[in-house]
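Since the structure comes first, as structure tokens, the remarks are kept for the end.
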Amino acid sequence: MRKLLFILFFILSTFSAISAEEGLISDIKIEGLQRIEPGLVFSNLPFDVNDPIEEIDVSSTIKLLYKTGQFKDISLEQEGTKIIIIVNEKPIIAELNFYGVEAFQDDKLKIGLSQMNVASGLVFDKTDLKKVEQEIANQYLALGKYTASVKAEAIPLERNRMRVNIYVEEGTISRIKEINIVGNRLYQKEDLLQSFNLKVTNFLSWWNKDDRYSKQVLNGDLEKLRSFYMDRGYLDFKINSSLIRISENKKNVYIDISITEGDKYFIADAKLSGKYENVPETLLKAQISLQKGQVFNRAEVTATTNRLNQILGDYGYAFSNANAIPDVDKEERTVSFNFFVDPGKKIYVRRINIFGNEKTKDSVLRREMRQFEASWYAKHKVDRSKTRLSATQYFDSIDVQTTNVPGATDQIDVNFHVIERNTGKLMLGAGVSSGEGLVGTLTVSQSNFLGTGNTVSSSISTGEINKTYALSYTDPYWTDDGVSRTVGAYRRDVNTEDLATAAYNTYSYGATLSFGVPLSEYNSVAITSTLDLTDIELGSNASEEYVAFCQDITSSTSTSGCNSDSLTIASAYARDTRNNAQFPTSGSYYHLTGEISAPVFDMKFYKFIGKGERYWPISDDMSFKVKGSLGYADTYGDKKYPFFKNFFMGGPKNVRGYDQASIGEKTLNAVTSEHETTGGKKSLYGSAELFFPPPGLKNVKGFRLSAFVDGGGVFKNDFIGSELRYSAGIGALWLSPFGPLTISYAKPLNDGINDSISELQFGMGGAF
């Protein structure tokens, strides 16, 4: 108050003094500037030279200068016709230095402080020091370091600048010692804490870092606790309190949660109401899964409203609102739900806009659209369009937004924002495989050639078993209605010397022509013709089966090898509903192939393969897969079946834990005295696998662990159950920058005395 009276007296006295003088302002002088340019002051003055002195408003002048935020004190004086403005600048922060900080990067801390208006170049205030200390201390609290201490000091520099030094003693991490739940009668504490992200310190805490207290994480865990009871019928469940206790040495944290479970409620009735004349009532009612007598489940109530909104959205009601209105009877412990549907207006798509495709032609993106302009909005069609764009693998990210059309209440624009990836690849590298050994790769490909969506590829893969040289060109939209065409040529050399099979070498040359025809959104067929010219080389200890085949082909008694050519026609049916091509969590994939050789060369055989896989989401980051395959092949002519077309089993791609191609009926090689597999014309394979993220790496999308059970076998003629082999183990898959890296450890469950075992199997790079 005393300061305010002084300022008022100064303003009045100065104004009287200035007013007493008559005439015009002859000069304006500024005193006290150190770092601020005079122009800042002059630009905020309401008067100028040659203005009448008596018109100067001192009060408004001071207010205008204070608004700049650059001054602590301002005063005006008059010497004759000269006006003197005396200012006292606020200091600015010239430097912001950190000492003792290891848990955070300095740049990230500076970004956080800048949001509090504490940064180099900004005005300094003494109160900023306390704010800095508190903010950084909070950052360490979030890490569980309650013993951390933060001290900030300001050191004056020349020209009214300040150096702010921040000294930190990080201390040790405070760990959760105990989580107590009081009031639970129906469920054990261990069951309630199962879904918590916060954990009591355990042997994995060093990796997961889940024993560090965080208020935000605790709030999420409390909501999970609420959902646990609500999903089991306890409508009156309450969390009374959550108390955090810290030990005197601040090393241990104790969490006490008090709850009231309440009584279990049951569903009395569930009905549908509202306006939905343009949507089939039976379709909407089918989405209500709640039944009379069923235990109340909040998650199912939420899922029902989501399904109702999904159906309404598919009929063009993009902004529908389905609400579950409860009617609770506390005496009977029942609850009835009225699912009230308000579809709103039917929304049409005026325009589909695509942004960010600098290289890819617009038509390449638009041909993947399942939502069309001038038709009503359907959310599942927009989602499907995004999925199809993602499947092209031309883009790093795809973001979809809807915007209202100005002046129209029933129209929207759908905007696809894409970020293109580099679709050209030049890969030169090497990998290793427990089945293939050292693998060298050279691939030159362009999957979006000239922005057309066509793929041009050439590749070389050199392994100890397989060597492949291939060229191919694919046009996924050879016709406007989505028929694809692929032409290719290859050379493939196979050397089985290092496998647990009877040894042989093949040298194949071939050309392929394939057409793919979409039947529906998820179904397609393909027709492929392949011309294959194969030279077969047999060793001195080749199996009798191999020798017999070549002698039959050549009509001779030669044991060294033969030439075997074929022209095959294959047709395939595929159905793919997987939500992701790399790490699917839901959906399925089924593939049926039938192949037959034309009777124009010496090989006359047919082959059928059916395979499928199905995925189920277990949680947000866990999924379960079941897959299997069945194969059958035989000859239709008077020639023997080509042995190198046999099915083989074992290795990292099917029954893990066994050597590659080692499973099946075995024959004794009289020369080597070794039991060898020669494959078979029938195959059976099945697998069940649970996928989950590594502990502490839940957000790493390119890395997954698994636990699996495999089983399978190959058979020469009849199905023999005793030839089936089983294994169980764990695996890991990493989509590394150098290619997929797989590793598995499997234990055979029923291996025979002559089986070849390989418990640890791995692969990296081009072999996969």
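Quick note: the coordinates plus some simple rules give every number you see, no bench work behind them. All values reported here derive from a predicted model rather than from experimental measurement. FYI the Cβ positions are ideal-geometry reconstructions off the backbone, even for glycines, and counts take in every protein chain you see.
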**OP:** Just need the relative contact order of the chain here, percent rounded to a whole number, with Cα pairs under 8 Å and 6+ apart.
**Re:** 5
Original post:
Can you sort M622, M649 so the residue with the fewest Cβ neighbours within 10 Å comes first?
Top reply: M622, M649
**OP:** Taking the chain as the reference, fit the longest principal axis to its C-alpha atoms, fit the long axis of helix 2-20 to the helix C-alpha atoms, and give the angle between the two in degrees, 0 to 90, nearest 10.
**Re:** 60
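For the chain, what is the calculated [θ] at 222 nm in deg cm²/dmol (nearest 500), taking -39500 (n - 2.57) for each run of four or more DSSP H residues and dividing by its residue count?
So the helix-based figure for the chain works out to -5000 deg cm²/dmol.
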**OP:** Report Rg (one decimal) and Dmax (nearest whole number) for region 494-630, counting Cα atoms only, units Å.
**Re:** 20.0, 63
Original post:
Which angle from 0 to 90°, rounded to the nearest 10, does the C-alpha axis of helix 215-230 make with the longest principal axis of the chain?
Top reply: 60
Original post:
Net charge near N338, counting Lys/Arg +1 and Asp/Glu -1 over other residues with Cβ under 9 Å of its Cβ?
Top reply: -1
Original post:
So which aspartates and glutamates can K627 reach, going by Cα to Cα under 18 Å and dropping same-chain residues fewer than 8 places off?
Top reply: D576, E613, E689, D710
Original post:
Assigning unit charges at the beta carbon (Lys, Arg +1; Asp, Glu -1) and nothing else, what dipole magnitude in debye, to the nearest 20, does region 554-623 show about its Cα centre?
Top reply: 200
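Where the eigenvalues come from the Cα gyration tensor of the chain, what are the semi-axes √(5λ) of the equivalent ellipsoid, largest first, in whole Å?
Sorted largest first and rounded, they come to 70, 36, 32 Å.
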Subject >> Of K359/K467; K467/K645; K63/K110; K379/K653; K67/K215, those spanning more than 28 Å from alpha-carbon to alpha-carbon >> reply: K359/K467; K63/K110; K379/K653; K67/K215
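For region 512-566, what is one quarter of the convex hull surface built on the Cα atoms, given in nm²?
5.6
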Subject >> Spatially proximal lysines relative to K271 (Cα-Cα < 19 Å; intrachain offsets below 8 disregarded) >> reply: K285, K292
Subject >> GluC sites (Glu not before Pro) lying in DSSP loop within region 327-402, provided at most 10 other Cβ fall within 10 Å >> reply: E331, E332, E358
Original post:
Amide H to amide H, which residues 5 or more places from R421 or on other chains are under 5 Å from it, using H placed in the peptide plane?
Top reply: F395, D396
Original post:
Taking θ as phi - 60°, what are the ³J(HN,Hα) couplings along region 747-753 by the Karplus curve (6.51, -1.76, 1.60), each to the nearest whole Hz, with x for Gly and Pro?
Top reply: 10, x, 9, 8, 5, x, 5
**OP:** Can you check what the net charge comes to around R388, using other residues whose Cβ is under 14 Å from the Cβ of R388 (Lys, Arg +1; Asp, Glu -1)?
**Re:** +3
Subject >> Per-residue ³J(HN,Hα) for region 265-275, Karplus 6.51 cos²θ - 1.76 cosθ + 1.60, θ = phi - 60°, Hz, x for Gly and Pro >> reply: 10, 10, 6, 9, 6, 8, 9, 10, 8, x, 9
Original post:
Which whole-Hz ³J(HN,Hα) couplings does region 631-638 yield from phi under the Karplus relation 6.51 cos²θ - 1.76 cosθ + 1.60, θ = phi - 60°, glycine and proline marked x?
Top reply: x, 9, 8, 6, 9, 10, x, 8
Original post:
Relative to the first principal axis of the alpha-carbon coordinates of the chain, what is the inclination of helix 379-391, with its axis defined by its Cα atoms, in degrees from 0 to 90 and to the nearest 10?
Top reply: 70
Original post:
Sorting V655, V217 on the 10 Å Cβ count, fewest up front, what's the list?
Top reply: V217, V655
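Please give the charge dipole size of region 552-674, origin at the Cα centre, charges +1 on K and R Cβ atoms and -1 on D and E Cβ atoms. Round to the nearest 20 debye. Mind showing how you got there, number by number?
Values: 14 positive and 13 negative charges, 58 e Å.
It works out to roughly 280 debye.
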Subject >> Summed side-chain charge close to K716 - residues other than K716 whose Cβ falls under 10 Å, Lys, Arg +1, Asp, Glu -1 >> reply: -2
Subject >> Eligible aspartates and glutamates near K682 by straight Cα distance, threshold 17 Å, same-chain separation 8 or greater >> reply: E545, E595, D634, E665, D718, E723
Original post:
In the chain, with Lys and Arg counted as +1 and Asp and Glu as -1 at Cβ, which of these residues, A119, Y509, Y658, has the Cα nearest the positive end of the dipole, that is, farthest along it?
Top reply: Y658
Original post:
With a 10 Å Cβ neighbour count serving as the proxy for reagent exposure, in which order, fewest first, do D107, D329 appear?
Top reply: D107, D329
